[in-house]
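The values are calculated or read from the model by the stated rules, or taken from the named source; none is laboratory data. These numbers come from a predicted model, not from an experiment. Every residue, glycine as well, gets a Cβ built from its backbone with ideal geometry; the counts of neighbours run over all protein chains shown.
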Amino acid sequence: MTVSEAPAIVVEDVRKAERTDHVVGAVQRQGALAVLVIVVLISLMAFPGFRSFDNAATILVAAAPPMLIALGMTFVIITGGIDLSVGSLYVLGGVLAAWASQYGILAAFALPLAVCGAIGVANGLLIAYTRMAPFIVTLAALLGARGLMRAISAEGSETYLVRDGALRRLGNGSLFDIGYQVWLVAALVALGMIVLARTRFGASVYAVGGSEDAAALMGVPVRRTKVWVYVLSGLLAGVAGAINAAKLGSGVTVLGTGMELDAIAAVVIGGTLLTGGAGTIAGTVAGVLLLGVIQNLINQVGNVNSNWQQVISGAFLALVVVAQTYLVRLRRVN
Amino acid sequence: MSLLHVTEVSKTFPGVRALDRVSFTLRPGEVHALVGENGAGKSTLIKVLTGVYQPDEGELTYQGSPARFGTPMDAQHAGISTIYQEVNLVPLMSVAQNLFLGREPRNALGLVDRKRMEREARELLAGYGVTTDVRRPLGTLALGAQQMVALARAVMIEAKVVIMDEPTSSLEPREVRTLFGVIRDLHARGIGIVYVSHRLDELYEICDAVTILRDGRVVHTGQLAELSRIRLVSLMLGREMTEGATAFSGAATGDGDAPPVLRVRGLNSRHKLHDVSFDVRPGEVVGLGGLLGAGRSETIKAIGGAYHLDSGDVEVDGKDLRKPTTVRAVKAGIAVQPEDRKAEGIIPTLSVRENIALAVLPRLSRLGLVSDARVDEVVTAYMTRLRIKAASPDQAVGDLSGGNQQKVLLARLLATGPKALLLDEPTRGIDVGAKAEVQSLIDELAAEGLGVVLVSSDAEELIEGSDRVVVLRDGVVVGTLTGAEVTTEDLMAAIAGERS
């Protein structure tokens, strides 16, 4: 269509603003990656123990379960929500997988997927349809899932061993010297990237977090989108639990406390806005790896108390949030 | 042939009949103005047309057959698009994504075809005078450009009806020209447009037909060209005037020779206020007249330091505030009663006592400690004086009636010992008894020497309560009514621009 008398609205003020915007946007998206590269380069030079293929593989294997949890969390946070239940679901998933492994590897995945998925559905339905705060709903799920895990494991004292050979191999075997679980997680991450960046569902996720009212008016299925991200988050936490059980050879009941917070930290460090509407999975991957590398370095140094890892991660998180706030403001001014 | 038609539609909310047997017809290719003051029922009618609300009674006919839109989506799918006053897009997403959200072009694998989406977005927007990188987040564009994106999106979905709710309220003049160009084009393509605005010049420039709502009813519908401006304004503000319907005494209280207590000069704020100037003398009530969006609330807020000013001076008792900030304004003796009592005035969960004392706490405290006895003194004094009906000073303000909430708010303002009192719709939403009390209180305060600025959409209240009325239109002072000119007829003529 043509409009004869239409003067160009946005011409002169554009050029400079656009350039600033590109730079700011790039820092926001790729900041974590840049820091990761720098940290890795420094470590390669400073720590001989860090400089081995085995060590790299170890970092990746250790990062696999947190990566899955952070992947689901990225979807949730982009919609403007939060999922505190994933740490509990992760442990619950591990115990369920170990128990179900007596019926084969398929059951070992199916059971945690079904239970954690169902809890995700409940989270999503409550958040989307009753408009309760995600914080409260998923906090309730955190407590409930932990209780369920303790109930089926006799207060955590009964340990189910992984009985299925295939599941054990998944936990310990490797392809090209990199653990199977790393390949599985990489595939899921790639799939997640495609879904978020290249499907209508992904666009809905951003729209819901960017402006829920506007999204509803534009015909985005807001509630359905919200339900799905919590289901996704629950399912991924369940898979993460199963993978961990495969690696450890049993359903360990004492892990997982605080996993949800590590995941949130990794997502935010990766450039996703806690207020929703912006973020990438690539950023989350960088965030997870960064936390993993820091942990690994602390272990390398040896005589340092491993709790320092949390101090460093915390400081890093604070730094990122301050930088994010500043960048967002810079972007809005333009 | 009508495109969209509603017959005898009614909608009732608790306590309000928002629409009372309203009928409305939109023809293809028609630009139909929908006008009315606050609470007239425009928004409700729009929401019924777009599926946000379901009417209690009445019929909707769309393209010749009965229709019922359960959700905004149903209406959109049927071809009825709405552009809201505030741009309703997602600021963090790119321009292209905003245009295509939910309708993204997809490739053979079912994945979003970004390249094609961006190319089509670029081509589409060029037609609206917007040339920009469509990958930019929408929120980084100028407001006018965002509005155009919203319009492009609305028209793109095969719209047959486009509803525009005050589309020009945040646009610069040249952006308005572009918008009108687009509207003329839609008009030529046979799309029906419902145009809501309070800017008379715009209405007469772009609209063919007009429907005027007042208190939930249609008071007039017909061709706009056949309706004079003054008739339009009086139909909008209308209502049979009865002398002495308010509790104002009617006696002029101002001292014409005294130096002004409040002196406002040359207020400018982007496209909202242009060179607004007036004086208020001690004991005088100056009314600000004008339609919704004329800049009355903005003027009051700007004087109180709560609205951005590009330039302008505010003087209290001869002292220049320089750039007013809320703190400076309060210190200088300016008290502002905001229009939205609930959002900007009272704090509903706090007690009557706490609400009244809030603004004077710094004065009633020593070394940062508040003297309870002195607070009680102030609170009791004002509760008695304003006849605030509460079980006790400790009752939560949220539990009081609207009238008493308003009185609590006034008590808070008066407790600061202001020299100028700025009231924005002081009697809106309160019952008749409380209304009369608030009105006589305004008289009393003026008689005591306070300078009062009064904004009211109630024409009676404005005329009978004010000694002088400054009339605003589109942010410009278009006239001042003094003495015998303070009548509804003169007010309407001034608003319509038919008074020299």
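Remarks
- Residues that are surrounded by 19 or more Cβ atoms within 10 Å (Cβ to Cβ) and modelled with pLDDT under 85 were ranked within the stretch B:1-36; the one that is nearest to residue B:161 (Cα to Cα) is B:36.
- In this structure, residue A:101 does satisfy being assigned to a helix (DSSP H, G or I), touching a residue at least 24 places away in the same chain (Cβ under 8 Å), over 22 Å from residue A:126 (Cα atoms) and not hydrophobic (A, V, I, L, M, F, W, C).
- Scan of the stretch B:199-222 for residues that are in a loop (DSSP other than H, G, I, E, B) and surrounded by fewer than 21 Cβ atoms within 10 Å (Cβ to Cβ), ordered by number: B:199, B:208, B:215
- Considering A:230, A:206, the condition of being within 8 Å of chain B (Cβ to nearest Cβ) and in a helix (DSSP H, G or I) is satisfied by A:206 alone.
- Test: residue B:353 is under 29 Å from residue B:384 (Cα atoms), modelled with pLDDT under 80, out of contact with any His (no Cβ under 7 Å at 6 or more places or on another chain) and surrounded by 17 or more Cβ atoms within 10 Å (Cβ to Cβ): no
- Top-ranked residue of the stretch B:94-106 - restricted to ones that are surrounded by fewer than 24 Cβ atoms within 10 Å (Cβ to Cβ) and within 7 Å of chain A (Cβ to nearest Cβ), ranked as nearest to residue A:272 (Cα to Cα): B:101
- Scanning the stretch A:237-256 turns up no residue that is within 12 Å of another protein chain (Cβ to nearest Cβ) and either in a helix (DSSP H, G or I) or buried (at least 19 other Cβ atoms within 10 Å of the Cβ) (or both).
- The set of residues in the stretch B:54-93 that are over 20 Å from residue B:20 (Cα atoms), part of a loop (DSSP other than H, G, I, E, B) and aromatic (Phe, Trp, Tyr) contains only B:84.
- Odd one out for residue B:422 among (1) over 19 Å from the mean Cα position of the chain (by Cα); (2) under 27 Å from residue B:317 (Cβ atoms): (1)
- Counting only residues that are more than 10 Å from chain A (Cβ to nearest Cβ) and among the polar types (S, T, N, Q), the stretch B:41-80 holds 6 of them.
- Residue satisfying all of: in the stretch A:193-203; facing another protein chain (nearest Cβ under 8 Å) and among the β-branched types (Val, Ile, Thr); surrounded by the most Cβ atoms within 10 Å (Cβ to Cβ) among these: A:199
- Under the condition of being closer than 19 Å to residue B:437 by Cβ and buried (at least 16 other Cβ atoms within 10 Å of the Cβ), the residues counted in the stretch B:374-392 number 6.
- Taking the stretch B:107-122 as the range and being of a type in the set (A, V, I, L, M, F, W, C), more than 8 Å from chain A (Cβ to nearest Cβ) and touching a strand residue (DSSP E or B) at 6+ places or on another chain (Cβ under 9 Å) as the test, only B:121 passes.
- Filter result for residue A:84 (touching a strand residue (DSSP E or B) at 6+ places or on another chain (Cβ under 7 Å) and closer than 23 Å to residue A:292 by Cα): no
- Any hit, the stretch B:156-178, residues being within 9 Å of chain A (Cβ to nearest Cβ), among the aliphatic types (A, V, I, L, M) and in a helix (DSSP H, G or I): no
- Strands (runs of 3 or more DSSP E) contained entirely in the stretch B:255-324, each with at least 1 residues that are on the phi > 0 side of the Ramachandran plot and outside the structural domain of residue B:487 (by TED's automatic domain parsing): none
- Sole exception among (1) assigned to a helix (DSSP H, G or I); (2) under 24 Å from residue A:213 (Cβ atoms); (3) among the charged types (D, E, K, R) for residue B:116, by number: (2)
- Unmet criterion (only one of (1) on the phi > 0 side of the Ramachandran plot; (2) in contact with a strand residue (DSSP E or B) (Cβ under 7 Å, 6 or more places away or on another chain)) for residue B:394: (1)
- When residue B:90 is tested against (1) within 9 Å of chain A (Cβ to nearest Cβ); (2) closer than 25 Å to residue B:185 by Cβ; (3) surrounded by 21 or more Cβ atoms within 10 Å (Cβ to Cβ); (4) β-branched (Val, Ile, Thr), only condition (2) is not met.
- Filter result (under 23 Å from residue B:81 (Cα atoms) and hydroxyl-bearing (Ser, Thr, Tyr)) within the stretch A:190-224: A:204, A:206, A:211
- For the stretch A:209-220, a residue qualifies if it is touching a residue at least 12 places away in the same chain (Cβ under 8 Å) and either within 9 Å of another protein chain (Cβ to nearest Cβ) or small (Gly, Ala, Ser) (or both), and the qualifying residues are A:209, A:210, A:211, A:220.
- Qualifying residue in the stretch B:129-151 (condition: facing chain A (nearest Cβ under 8 Å), free of Cβ contacts under 8 Å to residues at least 24 places away in the same chain, of a type in the set (Val, Ile, Thr) and part of a strand (DSSP E or B)): no
- Out of B:371, B:456, B:440, B:466, sole residue that is surrounded by fewer than 16 Cβ atoms within 10 Å (Cβ to Cβ), touching a residue at least 24 places away in the same chain (Cβ under 8 Å) and hydroxyl-bearing (Ser, Thr, Tyr): B:440
- On inspection, residue B:411 does not qualify as more than 23 Å from residue B:428 (Cα to Cα) and part of a helix (DSSP H, G or I).
- Residue B:81 vs. criteria among the polar types (S, T, N, Q), more than 27 Å from the chain's Cα centre (by Cα) and assigned by TED's automatic domain parsing to the domain that holds residue B:24: no
- Looking only at residues of the stretch B:179-200 that are in contact with a Lys or Arg (Cβ under 9 Å, 6 or more places away or on another chain) and under 21 Å from residue B:476 (Cα atoms), we find that the one that is nearest to the other protein chains (Cβ to nearest Cβ) is B:196.
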